[in-house]
Amino acid sequence: MKKYIKVVALSSLFVLGACSNDFLENEPYTEKVTENFYKTPNDAYEGLVAIYDILQREAYGGPLLISEQASDDCFGGYGIADAQGDVEWDRFLYVSDKDMNKDAWKIPYQGIYRANILLENLDKIDWGTDTALKTKYEAEARFLRAHFHFQLAKMFGDIVPLDKTITSAEFYSPRATPEVTYALIANDLKFAADNLGSDNYSQPGNANYGRITKWAAEAYLARTFLFYTDYYKKADLAGVVSKAQAVTYINDAVNNSGHALVADFSHLWLAASLENFAGEGNTETVWAVRFNGSGKGDWNLHEGNRFQVDIAPRGGTIGRYGTGWGGATVNPKLYNAYGAGDTRRDATIINFEGEGLDFDPQAREQRQYTGYAWKKYCPITDAAGKAIVEINGGNFQIDNYQDLAIIRFADVLLMASELNLDTNAGFAQTCLDRVRDRAYKDAIHHVTVSKTAIMEERRLELALEGQRYFDLIRQGTSVAKAAIDNVDADPQFNITFRTETLGWFPLPQSQVVLSNGAMSQNPGW
C-alpha cells in the first residue's frame, strides 16, 4: 500500500477505519510518494510544514468553540433556524446529529498521521553534518503529535494513541487506557522541551516566527500534567514526568523564556484596542496558530481563521464589530464575575447595551440572546462599517486573519502558580499577583494564593480561549455541575450538566460503527 504525498501538504488518509482499500491502492497521481520523497532536508521541511498545516483546520469545529458552548461561560447561540447541534453541545444532548463531533475527532488524527509519516522517514534523509536540524524537526513533529493527541484525549477521554502509521489490519484498534495515551504525550513533549534551543520566536521578523519553541513545550507539559493529574487523581504524568520535573519546566518558562505580559490586557485583542493593538507577534504569545487572509475566498485553502465568523455578531456589522453567525453567546454570569476595575471584562466581552449598540435580536434572528458576545477574536470593520477582511479582498466567512493564542504568558504564570502552590507559596503568590496587577493596573487587588483563587483567575484571564470547560472537569464532575447548571425563567437558558458523561463528549457514531466493535460510545451518551 503506497502512502501519497502532495508537495508541501501530505495527503491525510487516516481517519480510524474510514478509508477504502480501493482509494488507498490507486496509482500515484504525481511522481511523489512516501517511498521516494524523503531524501533531502528540504523534503523533511515540507513534511513538517504539512503537520503545521493541520493546525489551521482546528479553527472550526474544534475544542475551542465546542468547549466554550459546553462551559458555564457561554450558551449555544447562532440563529433561530440554525441546526440544533450547537444547542445540544450547550445542553449536553446528543439527538439531532450523531456525528456532531466528527471534525474534532478527524482533524487531530490527520495531524497525527502526518507527524508519524515524517518521524518514520527522518532516517532516510541525507542530513550531512547537520544532525542538529534532524533533532529540531523531530522535536517539532513530536510536539505537534502530542498536541493533537491531547486535543483528542481532553475531549473524548480514552482514545486510540498512535506512535506510528498503521496498516489496514490495525484499523480496528481499541481505545487505550489514559496511562498509555498520556505516556506518549509526555514523552513527546519532554523530547521537545529537552531538545529545542532557547530561542524565542515571538517576533514576526524572526525567520522561525510561529514555530514550536522549548518554552511552548515546557508550558504544554505543565498543561497536560495539570489536566491528567487532576482528572485522573494521579501523582505524576503517566510515570514519565514527576511533579518536581513539571515545576522545573514551568519555572524555567517563567524565568528564562524572555516572554512577558503585555502591559495593557486590552492591547492583546484587535477588537478591544484598534489603535493600540500589540500585534500578534507580541511578547506574551508563547504559541499560537497562525492565520492570514491570503486565501481570498478560496474554500479549498485553509489559510484564514474560520472560527472568527462563528462568534461575531449575527445579522450584519455593528459598531466596530464585523458580522458573523452569533455563536456561543456569552453568559451574563461571566460578565458579572469580573470585579470593579478589572480591565479584562470590557476587553473580553461585547456589552451591546453598555456600548450603545442597538442589537435587535428578533430582526437578526439571534438564538439565546444575552446582550453579550465575544470581543476576543471578533473581526472588525473600518470607520464606514465595512469588514476589514473584505476590504483586503477576502471572504468574511473564511479569510479572517487573527491568530489563535494557544499559550499566553499569563497562562504560564497561572500554571506556575498552581504547580508551585504546595512547595513554593511565595513564588506562587508572585505569579498570581503579576496577572492581577496587569488586570487592575495597580498592585492593591491581590488575593491570597490558593487553588480556588487560581482557578477563578484562570476563568477571568483566559475566558473565551478554550480553557474553562477543561479546567472545570479536571476538578471533578461535581465541580463542573455546580458551575454549569443554569436555571432561568426563560427555558432556552436552562442547562443541566450530566455527571454520567464523566465530562467527555460523545464519539462520532460513525467511528463507533466503523471500529467493528473495537470501540463503544462514551458513557452517558
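Across the range 282-317, the qualifying residues are those that are buried (at least 20 other Cβ atoms within 10 Å of the Cβ) and in contact with a Lys or Arg (Cβ under 6 Å, 6 or more places away or on another chain), and the one among them that is farthest from ASP53 (Cα to Cα) is ARG314. Listed by first and then second residue, the pairs linking a residue in the range 214-232 that is modelled with pLDDT of 95 or more to a residue that is of a type in the set (Phe, Trp, Tyr) and outside any helix (DSSP H, G or I), with Cβ atoms under 8 Å apart and 6 or more places separating them unless they lie on different chains, are ALA216/TRP287; ALA219/TRP287; TYR220/TRP287.
For GLY279, are the conditions met, namely being surrounded by 16 or more Cβ atoms within 10 Å (Cβ to Cβ), in contact (Cβ under 8 Å) with a residue 40 or more places away in the chain, under 22 Å from the mean Cα position of the chain (by Cα) and on the phi > 0 side of the Ramachandran plot? Spelling it out, it is not the case that GLY279 is surrounded by 16 or more Cβ atoms within 10 Å (Cβ to Cβ), in contact (Cβ under 8 Å) with a residue 40 or more places away in the chain, under 22 Å from the mean Cα position of the chain (by Cα) and on the phi > 0 side of the Ramachandran plot.
Within the range 114-150, if we keep just the residues that are among the polar types (S, T, N, Q) and either assigned to a helix (DSSP H, G or I) or within 20 Å of the chain's Cα centre (by Cα) (or both), the residue that is nearest to TYR38 (Cα to Cα) turns out to be ASN121.
When residues in the range 261-276 are screened for being in contact with a helix residue (DSSP H, G or I) (Cβ under 7 Å, 6 or more places away or on another chain) and within 20 Å of THR381 (Cβ to Cβ), 5 of them pass.
Remark: pairs (first residue in the range 143-166, farther than 13 Å from TYR228 by Cβ and modelled with pLDDT of 95 or more; second residue among the acidic types (Asp, Glu) and outside any helix (DSSP H, G or I); Cβ separation under 9 Å; 6+ apart in sequence or on different chains) = ARG145/ASP163. Listed conditions (1) under 16 Å from ASP411 (Cβ atoms); (2) assigned to a helix (DSSP H, G or I); (3) under 19 Å from the mean Cα position of the chain (by Cα); (4) not charged (D, E, K, R) are all met by TYR182, apart from (1). What residue, among those in the range 264-276 that are assigned to a loop (DSSP other than H, G, I, E, B) and either touching a residue at least 40 places away in the same chain (Cβ under 8 Å) or basic (Lys, Arg) (or both), is farthest from THR343 (Cα to Cα)? Residue satisfying both the conditions and the ranking: LEU274. With respect to the conditions (1) assigned to a loop (DSSP other than H, G, I, E, B); (2) more than 26 Å from ALA207 (Cα to Cα), ARG306 falls short on a single one, namely (2). Among the criteria (1) in a helix (DSSP H, G or I); (2) without any contact (Cβ under 8 Å) to a residue 60 or more places away in the chain, the one ASP422 does not fulfil is (1).
Tell me, yes or no, whether the range 380-390 has at least one residue that is touching a strand residue (DSSP E or B) at 6+ places or on another chain (Cβ under 9 Å), modelled with pLDDT of 95 or more and either outside any helix (DSSP H, G or I) or surrounded by 20 or more Cβ atoms within 10 Å (Cβ to Cβ) (or both). Yes - at least one qualifying residue is present in the range 380-390. When THR430, THR423, THR448 are checked against the criterion of being closer than 23 Å to ASP252 by Cα and more than 28 Å from the chain's Cα centre (by Cα), a single residue qualifies: THR423. For the range 196-211, does any single residue satisfy the condition of being on the phi < 0 side of the Ramachandran plot, of a type in the set (Asp, Glu) and either in a helix (DSSP H, G or I) or crowded, with 17+ Cβ neighbours inside 10 Å (or both)? The answer is no, given that none of the residues of the range 196-211 is on the phi < 0 side of the Ramachandran plot, of a type in the set (Asp, Glu) and either in a helix (DSSP H, G or I) or crowded, with 17+ Cβ neighbours inside 10 Å (or both).
Count of the range 212-239 residues, restricted to those that are outside any loop (DSSP other than H, G, I, E, B), farther than 28 Å from GLY258 by Cα and not hydroxyl-bearing (Ser, Thr, Tyr), is 1.
Among the residues of the range 480-496, just one is more than 17 Å from VAL330 (Cβ to Cβ) and within 22 Å of the chain's Cα centre (by Cα), namely ALA480.
The values are calculated or read from the model by the stated rules, or taken from the named source; none is laboratory data. Computed from a prediction, not measured in an experiment: that's the story for all the values here. Ideal geometry is used to build each Cβ from the backbone, glycine not excepted, and the neighbour counts take in all protein chains shown.
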